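Down below is the structure, laid out as structure tokens.
The values are calculated or read from the model by the stated rules, or taken from the named source; none is laboratory data. Every value quoted in this text rests on a predicted model; they were computed, and no experiment measured them. Please note: Cβ atoms are built from the backbone with ideal geometry, for glycine as well, and neighbour counts cover all protein chains shown.
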Amino acid sequence: MEATKNVILTQGLTKRYSGDVLALAGVDLAVPANSIYALLGPNGAGKTTTISILTTLAQPTEGTAQVAGFDVVRQPGEVRRRIGVTFQETVLDVDLTGRQALMYHGRLYGLNKTTCAKKIGELLALVELESAADRRVGTYSGGMKRRLELARGLMTEPEILFLDEPTLGLDPQNRAGIWNYIRDLKAERGMTLLMTTHYMDEAEQLADQVGIIDHGRIVAEGSPKQLVEQMGADVLRIHGQGEKTAFLDRAQALPFVENAIWANGSMNIGVDSGNKRLVEIVQIAGETGFAIDEVSVTKPSLGDVFLQVTGHQFRDE
């Protein structure tokens, strides 16, 4: 495929459930080949619903979606032949060995035994499970199960791999290991990956492009660097009490302020230089009747971007 071709494309993707629950509210995505796209958002934001539609497990109420050039509603079989999926919840038969789990998956997809055995050997080496291949999956740790699921998703040599919360519940060491495998899939196999996560650092470390999703809508999109740079060089985080509206209005009007927002009991002001601008910001607070209790200068992060575009702190609910 051409590097510039969008292998995942959605327009106005909407999903309503019974009881008038709006899970997706017009999601537009364009994911180029050989890239990693991260849907970043809290639980319940619409990430898993998006993956379910793109992997043909659910149908949209409105809008369209194409994966590898095929419509997910009209050509689901063609889509399934070209994708691999790992789900948020572990779906492994604990009574099978790791090797058997991979063999059954490959055979279900029509691979012969010889091909399966060859692929299983390669994939067990990739995810470092060779020594545990003939143990029951029920004896595996959480990290080992995640790695086995990743291997299973790769059995059919997919063009596109969907990863729904790939490191959910893992310790830092296992998370770092999964991150390395994900990077290798793009770099060495030319694969396209769409992953969901509610970990800020995961999106920053892995993704070429990030889409921040909240309440079923994409509220910001760009590379991690682009999104963070929009916040300014520094963020002044100010806690206090008093005339916050007047303080906010004055701060937003300053030429060196990139953005300013009041949320969850603090004023967050993106500026070109925190140390240089701190005195002037404190002075304006005093002039507008806002009493500062505490102030800090930090480098901006995707968490600050999320706060800016949604008006609330990143939540996990």
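Hey, could you check segment 182-199 for residues that are among the basic types (Lys, Arg) and under 18 Å from the mean Cα position of the chain (by Cα) and say which is nearest to Gly84 (Cα to Cα)?
Here the answer is Lys186.
Residues are listed down the side, and each one gets a yes or a no for (1) free of Cβ contacts under 8 Å to residues at least 12 places away in the same chain; (2) among the hydroxyl-bearing types (Ser, Thr, Tyr); (3) at negative phi:
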{"residue": "Ile51", "(1), (2), (3)": "no, no, yes"}
{"residue": "Phe70", "(1), (2), (3)": "no, no, yes"}
{"residue": "Gly77", "(1), (2), (3)": "yes, no, yes"}
{"residue": "Val91", "(1), (2), (3)": "no, no, yes"}
{"residue": "Leu102", "(1), (2), (3)": "no, no, yes"}
{"residue": "Glu128", "(1), (2), (3)": "no, no, no"}
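Quick one: would you say Ala203 is under 11 Å from the mean Cα position of the chain (by Cα) and surrounded by 21 or more Cβ atoms within 10 Å (Cβ to Cβ)?
yes
So which of Asp316, Asp304 ends up being modelled with pLDDT under 90 and part of a helix (DSSP H, G or I)?
Of Asp316, Asp304, the one residue that is modelled with pLDDT under 90 and part of a helix (DSSP H, G or I) is Asp304.
What number of residues within segment 20-76 satisfy the criterion of being over 18 Å from Leu193 (Cα atoms) and basic (Lys, Arg)?
So the count comes out to 1.
When you scan segment 218-280 for strands (runs of 3 or more DSSP E) that lie fully inside it, which ones turn up with 2 or more residues that are surrounded by fewer than 19 Cβ atoms within 10 Å (Cβ to Cβ)?
Ranges flagged: 234-242, 257-263.
I'm trying to understand the selection: among the residues of segment 111-152, which are farther than 26 Å from Glu165 by Cα and outside any helix (DSSP H, G or I)?
Across segment 111-152, the qualifying residues are Leu111, Asn112, Asp134.
Here is a list: Glu188, Glu157, Glu202. Which entry is of a type in the set (D, E, K, R), assigned by TED's automatic domain parsing to the domain that holds Thr55 and not in a helix (DSSP H, G or I)?
Going through Glu188, Glu157, Glu202 in turn, just one is of a type in the set (D, E, K, R), assigned by TED's automatic domain parsing to the domain that holds Thr55 and not in a helix (DSSP H, G or I): Glu157.
Within segment 167-181, identify whether any single residue is assigned to a loop (DSSP other than H, G, I, E, B), modelled with pLDDT of 90 or more and over 14 Å from Gln100 (Cβ atoms), and answer yes or no.
No, segment 167-181 contains no residue that is assigned to a loop (DSSP other than H, G, I, E, B), modelled with pLDDT of 90 or more and over 14 Å from Gln100 (Cβ atoms).
Would you please name the residue that is surrounded by the fewest Cβ atoms within 10 Å (Cβ to Cβ), looking only at residues in segment 78-99 that are over 21 Å from the mean Cα position of the chain (by Cα) and acidic (Asp, Glu)?
Top of the filtered list is Asp95.
When the residues of segment 3-49 are narrowed to those that are of a type in the set (S, T, N, Q) and under 19 Å from Met200 (Cα atoms), which ends up modelled with the highest pLDDT?
Ser35
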